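What follows draws every value from the coordinates through simple rules; no lab data is involved. All values derive from a computational prediction rather than experimental measurement. Please note: Cβ atoms are built from the backbone with ideal geometry, for glycine as well, and neighbour counts cover all protein chains shown.
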Amino acid sequence: MSEGEARRRPDWRAWFAPRGRRTGMWAFVLNRITGLLLLAYVFVHLAVLSVLFQGPAGYDRLVRWMSSWPFLLFDVALVAVLLVHGLNGVRLVFVGLGAGSHRQREWFWAAMAAAAAVFAYTTYLILAPAWR
Amino acid sequence: MAEVELTVRVLRGPARASAAGGRYETYTLRADAGWSLLDVLEALQAGPAPDLMYRHSCHHASCGTCALRVDGRERLACLTTVGQIAAGRLGERTGHGKDYRLPRGARAAVTLEPLRSFPVLGDLAADFAEFFGKLDAVEADLVAARGEEATHFEHCITCGACMSACPIVASDLEYLGPAPLALALRGLQDPTKTGSDARRLAAADQPHGVWRCHHVFECTAACPAGVDPGQALMELRARLVRRRLGWREGARR
Ligand code: SF4
Ligand code: FES
């Protein structure tokens, strides 16, 4: 840059600005959000597991929590976040290897369709026992 | 052609580090559906906004100076028509030569902003100095070879649309960006062997080079010239990986 010109600054808002954008950008935004959620979840996970330090009583409490409705619903949401992030990640591995960058849009929808199918099945597995 | 009552919101302001920080001015004018956005800007300059700043030269998608954001999308002003805006067809490369069958007394509104991730010289005029510096870093100046089969990578008119569309260019100031990396690949493929391949490879194979891309592919979607910089980036990556593994042309460094 020549002298006297204003120097631009990093603009992170662009990461979450899908106005006027297309599938690739929405996939990117979705991956940032689910990534941050998973990062937050790691801490929740460790905090919850820390009750095991309280010995057998803690273990019993943990199992009771884990089979409660709020926890099961949390698990269902967690599966959704994991599937979206993970399967989109698989898409990015292929696209990043140069395989099908032309089809990145179709790959995204394929990944999301797979995510939806697996999500439906796991939701059934998680919630069905609780219905009975 | 039908006349359209066009309301134009223009992000205006003096020279500054980025498009942010300007203010929106609204103008209303009657525009022919066949007008390009450059015609609209000229009409504004001849009327209510004589000091309006914007860039243009060729009027036919060759010089790459007129790119700006139209309702948040990077577009060449010379390729975008009033009819296209009124019909809501900004996804199409151009509105020229098309009849959108607009009703009588059609109205439309559009927001014009300078390219993102470029310093602004004033109003809609982006400052290309930084971008051109990145093109120089990959020795983007090419010489056409006789009899050479054309690829789409040399169609780049260095309009900056892809740079504006890329969220990573926005957050990483050093990131070379889609067009320079596409032209780095094109340079490596160049049969005339113009320029330094070592320099191109060094520019591409560093943290702010090809590895910074996060596969958003807005560059390819935004490109008015069909260059497909996203694919170029992926090809360049594959080439660099092969080179690291020593798979081709005795490439160990
Ligand atoms: S690659 Fe396309 S969008 Fe990017 S500068 Fe070149 S012509 Fe413009
Ligand atoms: S004026 Fe030259 S590309 Fe639009």
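Measure nothing but the geometry: give the 0 to 90° angle between the long axis through the Cα atoms of A:104-131 and the longest principal axis through the Cα atoms of chain A, rounded to 10°. So the inclination is approximately 10 degrees. Normalised by the number of residues in chain A, the mean separation of alpha-carbon contacts (under 8 Å, six or more apart) gives a relative contact order of 26 percent.
For chain B, what value does the Rg/Rh ratio take when both radii are computed over Cα atoms and Rh is the Kirkwood radius, given to two decimals? Ratio of gyration radius to Kirkwood radius for chain B: 1.03.
Computed packing ranks the peptides B:85-92, A:20-27, B:189-196 as A:20-27, B:85-92, B:189-196, most packed first, by mean other Cβ atoms within 10 Å. Close amide H pairs (under 5 Å, H built 1.01 Å from N) link B:D123 with B:G13, residues at least 5 positions away or on another chain.
Placing unit charges on the Cβ atoms of the charged side chains and taking the dipole of region A:20-131 about its Cα centre, the candidate lying farthest along the positive direction among A:V48, A:F71, A:L87 is A:L87.
Rounded to the nearest 10 degrees, the inclination of helix A:56-66 to the longest alpha-carbon principal axis of chain A is 60 degrees. Each residue of region B:53-68 was assigned a 3J(HN,Hα) from its phi angle through the Karplus curve 6.51 cos²θ - 1.76 cosθ + 1.60 (θ = phi - 60°); the sequence is 9, 7, 10, 6, 8, 7, 6, 9, 6, 10, 8, x, 9, 9, 5, 8 Hz, with glycine and proline shown as x. In a GNM of chain B with a 10 Å cut-off on Cα contacts, which of B:R12, B:R69, B:R199 has the highest mean-square fluctuation? Highest fluctuation of the listed residues: B:R199. Run a plain Debye calculation on chain A (Cα atoms as equal point scatterers, no solvent) and give log10 I(q)/I(0) at q = 0.10, 0.16 Å⁻¹, rounded to two decimals, same order as the q list. Reported log10 I(q)/I(0), two decimals: -0.51, -0.95.
Across chain B, C-alpha contacts under 8 Å between residues 6 or more apart give a mean separation that, scaled by the residue count, equals a relative contact order of 19 percent.
Averaged over the residues of B:11-20, the number of partner chain Cβ atoms lying within 10 Å of the residue Cβ comes to 2. Between the amide H of B:A61 and any residue lying 5 or more places away or on another chain, no distance stays under 5 Å, with hydrogens modeled in the peptide plane.
Spatially, region B:49-97 and region A:1-72 are offset by 39 Å when compared through their Cα centroids. Converting phi to 3J(HN,Hα) with the Karplus coefficients 6.51, -1.76 and 1.60 and the offset θ = phi - 60°, region B:104-114 yields 4, x, 5, 10, 8, 10, 8, 10, 10, 9, x Hz in sequence order, with x at every glycine or proline.
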